[in-house]
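The values are calculated or read from the model by the stated rules, or taken from the named source; none is laboratory data. If you're wondering where the values come from, they're calculated on a predicted model, not measured in any experiment. Positions of Cβ are generated from backbone atoms using ideal geometry, with glycine treated the same way; all protein chains shown enter the neighbour counts.
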Amino acid sequence: MKKDFLSVSDLKREEAQQLIEQAVDMKRKGTPPVLAGKTLALLFEKPSLRTKVSFQMAMHHLGGHSIYMSPEEVGLGKREPVADVARVLSRYVDGITARTFSHETLRVLARHSPVPVINALSDLEHPCQSMADLLTVHEKKGGLSGLALAYIGDGNNVANSLLLAACLLGIDFRLASPPGYGIDEEMLKQGREFAAQSGSRFQAISDPYEAARGADVIYTDVWTSMGQEVEAEKRRLAFSAYQVDGRLLDAARSDAIFMHPLPAHPGEEIAAGLLDDARSVVFDQAENRLHLQKALLARLLAPQQAD
Ligand code: NVA
């Protein structure tokens, strides 16, 4: 049966661990062409740099092809119902990667597509980002469980998936967000369930310095996500005490790393120059999207060969 990847919670703990191990392996040893003759459709409602190019290159390295469709091209749900787009595309391609506003659009695509559907970011989650992030943490820290990650900023799609991935794999997750901008209850519930199973801990801490104290990873994302542009000014005010700078990183462990999914806005969620701080691993983090997604595509599009 086909498998989709719409949420981190689509993975069991062992599957998430295997995915990271496979990505480490592919990164070290090169990529077998297990997707020769296969094609991935990339269906995007929002702009993209890393996700688009890393998925296209992942398919290329695996011996397959990709077809990119820009926001204007398909008119998901406008020119044609989402269900019909899924039913048509799946007659031509072996997998669909989609970036949507509503997470429900992904669910409808998945329901009507006999081929795997992968979430390339929705308003609710960004699971490929988070699994690639944990690959980076694994590389930099030599493992995952027992670490503490402090997420400073908006409880958005990136935060949601990171919470789930961290709690699933035994990393303590601390969240520092301004009132009204935290992670929503449903996600927190899921995160707490994962944490209870893996032995990790979730804490909401309003003071960013307290959240950062002794952490192994400091993570932030934009204050205004794609689709929220009208709120940008209001958000700049609400988040002004949550900027990540060198002083905040100093509160973390001396060997802590700084992560951001990019694109970044120096002067907003990070201080100018922070991407070039010795503790920043953001460009390795961006590279790892490619490696993690290769492992993911091999598993979903050629499950027999990937095992
Ligand atoms: N939270 C951001 C992530 C971009 C990779 C957004 O949705 O715009």
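Scanning the range 257-267 for residues that are part of a loop (DSSP other than H, G, I, E, B) and under 20 Å from the mean Cα position of the chain (by Cα), we see that the one that is nearest to the ligand (Cβ to nearest atom) is P261. Listed residues A264, A252; which is over 24 Å from P127 (Cα atoms) and touching a helix residue (DSSP H, G or I) at 6+ places or on another chain (Cβ under 8 Å)? The conditions single out A252.
For the condition part of a loop (DSSP other than H, G, I, E, B), under 21 Å from A211 (Cβ atoms) and either modelled with pLDDT of 95 or more or not polar (S, T, N, Q) (or both), R253 qualifies.
Every residue, every condition in (1) away from the ligand (no atom under 16 Å from the Cβ); (2) over 21 Å from the mean Cα position of the chain (by Cα); (3) modelled with pLDDT under 95, yes or no:
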| site | (1), (2), (3) |
| --- | --- |
| L43 | yes, no, no |
| T51 | no, no, no |
| H65 | yes, yes, no |
| P71 | no, no, yes |
| V74 | yes, yes, yes |
| A86 | yes, yes, no |
| V93 | yes, yes, no |
| T97 | no, no, no |
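Within the range 279-292, can one find any residue that is over 30 Å from H60 (Cβ atoms) and of a type in the set (D, E)? No, every residue in the range 279-292 fails to be over 30 Å from H60 (Cβ atoms) and of a type in the set (D, E). Regarding S225, is this residue within 18 Å of P178 (Cβ to Cβ) and of a type outside the set (A, V, I, L, M)? Criteria met by S225.
Please verify whether the range 142-150 includes one or more residues that are within 16 Å of the ligand (Cβ to nearest atom) and modelled with pLDDT of 95 or more. No, there is no match, as no residue in the range 142-150 is within 16 Å of the ligand (Cβ to nearest atom) and modelled with pLDDT of 95 or more. Consider S48 carefully, then state whether it is within 19 Å of V117 (Cβ to Cβ), in contact with a helix residue (DSSP H, G or I) (Cβ under 6 Å, 6 or more places away or on another chain) and hydroxyl-bearing (S, T, Y). It is false that S48 is within 19 Å of V117 (Cβ to Cβ), in contact with a helix residue (DSSP H, G or I) (Cβ under 6 Å, 6 or more places away or on another chain) and hydroxyl-bearing (S, T, Y). Just one residue in the set L134, L124, L175 is closer than 30 Å to I218 by Cβ, part of a loop (DSSP other than H, G, I, E, B) and not polar (S, T, N, Q); that residue is L124. For the range 217-246, filtered to residues that are touching a Lys or Arg at 6+ places or on another chain (Cβ under 6 Å) and of a type outside the set (F, W, Y), the residue that is farthest from the ligand (Cβ to nearest atom) is T224.
Report yes if R289 is within 12 Å of the ligand (Cβ to nearest atom), part of a helix (DSSP H, G or I) and over 30 Å from K2 (Cα atoms), otherwise no. No, not satisfied.
A Cβ distance below 8 Å, combined with a sequence gap of six or more or placement on separate chains, defines the contacts here; from the range 146-169, residues that are closer than 16 Å to L6 by Cβ reach residues that are more than 16 Å from the ligand (Cβ to nearest atom) and basic (K, R) in the pairs L168/R13. The set of residues from the range 268-280 being within 16 Å of the ligand (Cβ to nearest atom) and either touching a strand residue (DSSP E or B) at 6+ places or on another chain (Cβ under 6 Å) or charged (D, E, K, R) (or both) comprises E268, E269, I270.
Figure legend. Inter-residue proximity from the range 219-237: first residues closer than 18 Å to D123 by Cβ, second residues more than 12 Å from the ligand (Cβ to nearest atom) and among the charged types (D, E, K, R), beta-carbon distance below 6 Å, spacing 6+ or different chains. Indicated pairs: W223/E268. When the helices (runs of 4 or more DSSP H) confined to the range 60-114 are screened for residues that are crowded, with 21+ Cβ neighbours inside 10 Å and out of contact with any Gly (no Cβ under 8 Å at 6 or more places or on another chain), those reaching at least 2 such residues are found at 82-89, 103-112.
Against the condition of a type outside the set (A, V, I, L, M, F, W, C), more than 21 Å from L121 (Cβ to Cβ) and modelled with pLDDT of 95 or more, how does K38 come out, does it pass?
Yes.
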